1. Quick one: in the stretch 91-110, which of the residues that are open to solvent by less than 20 Å² (accessible area, probe 1.4 Å) and not in a helix (DSSP H, G or I) is modelled with the lowest pLDDT?
2. State the number of residues belonging to the stretch 203-234 that are outside any helix (DSSP H, G or I), out of contact with any helix residue (DSSP H, G or I) (no Cβ under 8 Å at 6 or more places or on another chain) and of a type in the set (D, E, K, R).
3. For residues in the stretch 45-72 being more than 16 Å from the chain's Cα centre (by Cα) and closer than 18 Å to Leu154 by Cα, which is surrounded by the fewest Cβ atoms within 10 Å (Cβ to Cβ)?
4. Kindly provide the set of residues from the stretch 73-92 that are more than 24 Å from Ala109 (Cβ to Cβ) and of a type in the set (A, V, I, L, M, F, W, C), ordered by number.
5. Could you please let me know if Asn212 is of a type outside the set (Gly, Ala, Ser) and surrounded by fewer than 16 Cβ atoms within 10 Å (Cβ to Cβ)?
6. Just the residues that are over 16 Å from Met207 (Cα atoms) and either open to solvent by 30 Å² or more (accessible area, probe 1.4 Å) or touching an Asp or Glu at 6+ places or on another chain (Cβ under 8 Å) (or both), please, taken from the stretch 249-267.
7. Somewhere in the stretch 166-180, is a residue without any contact (Cβ under 8 Å) to a residue 24 or more places away in the chain, over 29 Å from Ala38 (Cα atoms) and open to solvent by less than 40 Å² (accessible area, probe 1.4 Å)?
8. Any idea which residue in the stretch 1-21 is most open to solvent (accessible area, probe 1.4 Å), counting only those that are over 15 Å from Ile203 (Cβ atoms) and at pLDDT 85 or above?
Amino acid sequence: MTELSSSPASVPRVLALANQKGGVGKTTTAINLGTALAAIGETVLIVDLDPQGNASTGLGIDRASRRISTYDVLTGEAKLRDAVLETAVPRLHIAASTMDLSGLELEIATARDRPFRLRNAIRVLNQDESSIQERNDSVRYSYVLIDCPPSLNLITINAMAAANAILVPLQCEFFALEGLSQLIKTVDQVRTTLNPELTIHGIVLTMFDARNNLSAQVVADVRQFMGDKVYETIIPRNVRVSEAPSYGKPVLLYDLKCVGSQAYLRLASEIIQRERSLRAA
């Protein structure tokens, strides 16, 4: 495949995958977008911020391997690079999560820097040479993808404060726009108070069922409401995409030729092109 480079090695582009609704494909998109970006030449770190740890499990990271997690990073007990683990995908690493994250909000509630814990950790990521995992010392990430929990809590606020842009997975179902409006309000609040550079990179429509008239109507409504913020690529509902996490693999490793894999490759290419347009502007 063609090797593309979208960002300087010393400064990773940070994209937070966020939607307060559960079951919309955030984790699936994080895993497979990360894999697709790695497949076209990017070096990617997924930061798992969901206490359920599904992104970690979906990339084959067992619980016993998560000795240092994103919880340790956000509590200040470890550097982000110390939590990094390799995956079966070349150029794709993950900072895994554990259930400890569910109690984070209470633990750091009184800390003055509580919204910026993740931002501060990412800022030194590519300059940090003190990793406990020597194989990761020379890795310089071009992308950091943050898999957010299905809520608008302090963890998600940390992700938004750290991100250059938000990528919104949106399921093709009846209440899609209702949840999107709430998310946009939160993004606006974070931009005003914590991160003036934050933008919505794009909206990816997921779980599209061509046999369902409602799916087509949701696509039309979201495109009318959000215009060119909606990616052209639509992720179809696909059995192989659903099966892959149970094998601890991204769908691109599980079945490269299936329609879900091909859709994520197209999405990665579209994101790279959008990145180039942003830099040229």
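1. Only one residue fits best here, namely Ile108.
2. 1
3. Within the stretch 45-72, the match that is surrounded by the fewest Cβ atoms within 10 Å (Cβ to Cβ) is Asp72.
4. Val84, Leu85, Ala88, Val89, Leu92
5. yes
6. Scanning the stretch 249-267 gives Lys249, Leu253, Tyr254, Asp255, Leu256, Lys257.
7. No, the stretch 166-180 contains no residue that is without any contact (Cβ under 8 Å) to a residue 24 or more places away in the chain, over 29 Å from Ala38 (Cα atoms) and open to solvent by less than 40 Å² (accessible area, probe 1.4 Å).
8. It comes out as Arg13.
The values are calculated or read from the model by the stated rules, or taken from the named source; none is laboratory data. What you are looking at is a predicted structure, and each value in this text was computed from that prediction instead of being measured. Neighbour counts run over all protein chains shown; Cβ positions are idealised from the backbone, glycine included. What goes into the accessible areas is simple: the full protein's heavy atoms, side chains included, and nothing from ligands, DNA or RNA. Shrake-Rupley method; radii C 1.70, N 1.55, O 1.52, S 1.80 Å.
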